[in-house]
Amino acid sequence: MTKEDANRLARAIVEVKERTTICRTCFNVGVGERCAICADERRDPTVVCVVEDPRDIVAIERTREFRGRYHVLGGALSPIEGVGPDQLRIKELLRRIEPERVKEVILCTNPNLEGETTAMYLAKQLAPLGLRVTRIASGLPVGGDLEYADELTLGRALEGRREVQP
Amino acid sequence: MALYRDEGIVLRTTRLGEADRIVTLATPEHGKVRGVAKGVRRTKSRIGARLEPLGHVTMLCWRGRELDVITQVEILEPFRSLREDLSRLGPAMTMLEVADQASAERHAAPELFALLLGALRTLSTSSSTLVLAGFLWRFLAVEGVSPVVDSCATCGCPGPLVAFDPAEGGFLCRRCRRGQAVGEESVGIVQRILGGGLRGVLGEGEHASDDEVERLGLLAVERHLDRRLRTAHNPLSPYGAGGSAE
């Protein structure tokens, strides 16, 4: 690496550190008070996708399937690690429901024990608010062979099967 | 490096690097095993789903200096009913934490393993509110620190037993009383759990003292392990955040 490259890299790191902020609404990483997604008026504010980490937003955005907004919890419930609801941004999510007229919350936490526990806990908290609460489906990766699937994923894919329209 | 096969129950997992996990398991032959499972956080991994906490598995491992390497895993029982019900998940996590704290690495612990597996099986099918309590009291017996429950732990008189103090070693009579006050029903239930009557107690449905029996068990186990059990004091547990068994 040349000295000029090293300086450019150092300047870029300093700039990232100085300019990036946490969005006050959804807690995504952004520039300014609101992130680009929350500031985008074309996005549907009535559908909120709940994720554990800002990196999950990047993954979902790559699908180009979702046009709603996000809420970053900042982790997942883990009783064994001592992570409880107070350490996550659950209160902030509940506070958004009424003013933003949210009609659907999609629970998009990781399909592991912590993520599932968080989804179950959130579903319980959101139930009295009278909105649609959904959980992302679990299934087989597109392009893969069925015979290589593990039995738990395949079992859940069978459980979540849907009718095929002729 | 030696290759070995054993069955195990996944106690906890910790992220390692980009896509790996350190998995801690309770096994009958090798005690607590800490192994690296490579690439399991990738969606393509075939064994990632099998190495989630609460999974009962058989596995093939390479023995390492500090951490073993888990290469093959077959699932025996996934205990889905425990994962998908918050009221069962809380007690199940406490059982895993107790097993994690009590077991030593690479020291065979077949009794503890059998107790944990039996308790998880019972929890997944039973509607009794005494399953965790049964596990905690039986755990003390397996560890060889079973409290004195048939007579006063201080003076040895037959009772009536009205208090419980783990520091004194068990239930106490009216004259020696200190620690927690306990009801007559709780004393009876604990005596039956430790006297071989656990199955009968679980089959009776709910007792008024179930919470107390569990709280006392937790108190005794926390004293034995000399630490507070995190999973027993969070909002998924009946005691709630910041609560205490004491």
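General remarks:
- Among residues of segment B:198-221, those that are open to solvent by 20 Å² or more (accessible area, probe 1.4 Å) and over 11 Å from B:Trp137 (Cα atoms), counted: 11
- Checked against (1) more than 14 Å from B:Ala153 (Cα to Cα); (2) assigned to a loop (DSSP other than H, G, I, E, B), B:Arg175 meets all criteria but (1).
- Selection of segment A:102-136 for residues being surrounded by 12 or more Cβ atoms within 10 Å (Cβ to Cβ) and in a loop (DSSP other than H, G, I, E, B) yields A:Val102, A:Lys103, A:Cys108, A:Thr109, A:Asn110, A:Pro111, A:Asn112, A:Leu131, A:Ile136.
- Which listed residue, of B:Gln72, B:Gln101, is closer than 21 Å to A:Ser78 by Cα, open to solvent by 30 Å² or more (accessible area, probe 1.4 Å) and not assigned by TED's automatic domain parsing to the domain that holds B:Leu218: B:Gln101
- Test: residue in segment B:33-47 that is closer than 16 Å to B:Leu120 by Cβ and out of contact with any His (no Cβ under 9 Å at 6 or more places or on another chain): no
- Within segment A:1-53, the only residue that satisfies the criterion of being touching a residue at least 12 places away in the same chain (Cβ under 8 Å) and loosely packed, with under 10 Cβ neighbours inside 10 Å is A:Arg42.
- Total residues in segment B:52-69 satisfying the condition of being open to solvent by 10 Å² or more (accessible area, probe 1.4 Å) and touching an Asp or Glu at 6+ places or on another chain (Cβ under 7 Å): the figure is 2.
- Meets criteria (among the charged types (D, E, K, R) and surrounded by 12 or more Cβ atoms within 10 Å (Cβ to Cβ)) for A:Arg67: no
- Residue count for segment B:138-167, restricted to those that are of a type in the set (Asp, Glu) and open to solvent by less than 60 Å² (accessible area, probe 1.4 Å): 1
- So A:Glu92, is it within 10 Å of chain B (Cβ to nearest Cβ) and either at pLDDT 85 or above or in contact with an Asp or Glu (Cβ under 9 Å, 6 or more places away or on another chain) (or both): no
- The conditions of being out of contact with any strand residue (DSSP E or B) (no Cβ under 7 Å at 6 or more places or on another chain), buried (at least 19 other Cβ atoms within 10 Å of the Cβ) and either of a type outside the set (A, V, I, L, M) or within 14 Å of chain A (Cβ to nearest Cβ) (or both) are met by B:Ala49.
Results for (1) farther than 30 Å from B:Asp85 by Cα; (2) free of Cβ contacts under 8 Å to residues at least 24 places away in the same chain, shown as yes or no for each residue.
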| residue | (1), (2) |
| --- | --- |
| B:Leu115 | no, no |
| B:Gly118 | no, yes |
| B:Ser124 | no, no |
| B:Leu130 | no, no |
| B:Ala141 | no, no |
| B:Pro158 | yes, yes |
| B:Glu168 | yes, yes |
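- Filter pass, B:Glu111 being open to solvent by 10 Å² or more (accessible area, probe 1.4 Å) and not in a strand (DSSP E or B): yes
Rundown of residues vs (1) in contact with a Ser or Thr (Cβ under 9 Å, 6 or more places away or on another chain); (2) among the hydroxyl-bearing types (Ser, Thr, Tyr), yes/no style:
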{"site": "A:Gly82", "(1), (2)": "yes, no"}
{"site": "A:Leu93", "(1), (2)": "no, no"}
{"site": "A:Lys103", "(1), (2)": "yes, no"}
{"site": "A:Tyr121", "(1), (2)": "no, yes"}
{"site": "A:Ala157", "(1), (2)": "yes, no"}
{"site": "A:Gly160", "(1), (2)": "yes, no"}
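The values are calculated or read from the model by the stated rules, or taken from the named source; none is laboratory data. These numbers come from a predicted model, not from an experiment. No Cβ is skipped: glycine too gets one built from the backbone with ideal geometry, and neighbour counts run over all protein chains shown. For accessibility, only protein heavy atoms count, side chains too; no ligands or nucleic acids. Shrake-Rupley method; radii C 1.70, N 1.55, O 1.52, S 1.80 Å.
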